[in-house]
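Engineer: Quick one: the structure is below, and I'll ask about it shortly.
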Amino acid sequence: MRQKVLAGNWKMYKTHSEARAFLDQFIPLIAGRDPKRTVILCPPFTTLETLCAAAGDHFDVGAQNLHWEPQGAYTGEISAPMLLEMGIRHAIIGHSERRQYFSETDESVNKRLRAAQHQGITPILCVGEGLTEREDNETDAWICRQLDHGLEDANLENLIIAYEPIWAIGTGKTCEAPEANRVIAMIRTHLGASNTPILYGGSVKPGNIDELMTQPEIDGVLVGGASLEAESFARIVNYK
């Protein structure tokens, strides 16, 4: 059976004190969760150490990015050895906001992903189409190209994939659960990697988590805004 993964991406939210307050509320709420469910919290770099100190058996901690070099003159970047020293074993790679706002390309995504795997960090590779690709019926082809370039020379056994329909994030449009399931099934078939966990990430909320997790191909979720509140993310972790 494939691993179930519930990951929260805090993006550029929460100071140290805010993170601590979240954890004080969140940890008791997930105390009785199914131990087969892996919970990952990906905070800003400044609060990684705070979460690592509190993680224990409650959750794993992931970074939101990493550089492909182990060290060097790369102002503002973070390397895999720096993350490993804190005990971090996951990193989001190729998030749509990194591609949109910071000029990440499939090539740079691939370099970051392979560097993460080389150092023993499991990448959470994000792929997904925008509204133009969706309306032009190019969803499958677009995502397959992202996968082919982003996973070149990569290890499919040390990998999590997250499908984010960019057109459904913060737009008021909805990617229905059956369609998310269809795309994820397509990704799995294209990769030929039946054991790779594939998550859905697109306006995941307490109100739709149960339906999403009934879909046979969806192995979990990558959550943005709903992961910032302890009660809402706990409800997602404790889906029914």
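Engineer: Restricting to segment 182-220, count the residues that are within 19 Å of Leu159 (Cα to Cα) and part of a helix (DSSP H, G or I).
Structural biologist: 9
Engineer: Which residues, taken from segment 55-80, are out of contact with any Cys (no Cβ under 7 Å at 6 or more places or on another chain), within 20 Å of Phe233 (Cα to Cα) and surrounded by 14 or more Cβ atoms within 10 Å (Cβ to Cβ)?
Structural biologist: Ala55, His58, Phe59, Asp60
Engineer: Okay, next question. For segment 68-87, which positions are assigned to a loop (DSSP other than H, G, I, E, B), touching a helix residue (DSSP H, G or I) at 6+ places or on another chain (Cβ under 7 Å) and closer than 25 Å to Ser227 by Cα?
Structural biologist: Ile78, Met86, Gly87
Engineer: Failed condition for Arg2, given (1) under 17 Å from Ala162 (Cβ atoms); (2) charged (D, E, K, R); (3) modelled with pLDDT of 95 or more, with all others met?
Structural biologist: (3)
Engineer: Right, here's the next one. Any idea which of (1) of a type in the set (A, V, I, L, M, F, W, C); (2) under 19 Å from Val109 (Cβ atoms); (3) surrounded by 21 or more Cβ atoms within 10 Å (Cβ to Cβ) is the one Leu191 doesn't satisfy?
Structural biologist: Of the numbered conditions (1) of a type in the set (A, V, I, L, M, F, W, C); (2) under 19 Å from Val109 (Cβ atoms); (3) surrounded by 21 or more Cβ atoms within 10 Å (Cβ to Cβ), the odd one out for Leu191 is (3).
Engineer: Looking at this structure, is Gly202 within 13 Å of Gly128 (Cα to Cα), surrounded by 20 or more Cβ atoms within 10 Å (Cβ to Cβ) and modelled with pLDDT under 95?
Structural biologist: yes
Engineer: Residues of segment 1-48 being β-branched (Val, Ile, Thr) and not in a helix (DSSP H, G or I), which ones?
Structural biologist: Val5, Thr15, Ile30, Thr38, Val39, Ile40
Engineer: Out of segment 147-165, which residues are crowded, with 17+ Cβ neighbours inside 10 Å and either among the β-branched types (Val, Ile, Thr) or within 24 Å of Gly120 (Cβ to Cβ) (or both)?
Structural biologist: Those that are crowded, with 17+ Cβ neighbours inside 10 Å and either among the β-branched types (Val, Ile, Thr) or within 24 Å of Gly120 (Cβ to Cβ) (or both): Leu147, Gly150, Leu151, Ala154, Leu159, Ile160, Ile161, Ala162.
Engineer: Name every residue in segment 88-147 that is over 20 Å from Ile78 (Cα atoms) and of a type in the set (Ser, Thr, Tyr), in order of residue number.
Structural biologist: Across segment 88-147, the qualifying residues are Thr132, Thr139.
Engineer: Now a separate question. State all residues of segment 113-138 that are under 14 Å from Ile160 (Cα atoms) and assigned to a helix (DSSP H, G or I); if no residue qualifies, say none.
Structural biologist: Leu113, Arg114, Ala116, Gln117
Engineer: Tally up the residues in segment 41-54 that are surrounded by fewer than 23 Cβ atoms within 10 Å (Cβ to Cβ), in contact (Cβ under 8 Å) with a residue 24 or more places away in the chain and either at positive phi or among the hydrophobic types (A, V, I, L, M, F, W, C) (or both), please.
Structural biologist: Matching residues across segment 41-54 total 3.
The values are calculated or read from the model by the stated rules, or taken from the named source; none is laboratory data. Note that this is a predicted model, so its numbers are computed, not measured. For neighbour counting, all protein chains shown are included, and Cβ atoms are generated from backbone atoms with ideal geometry for every residue, glycine included.
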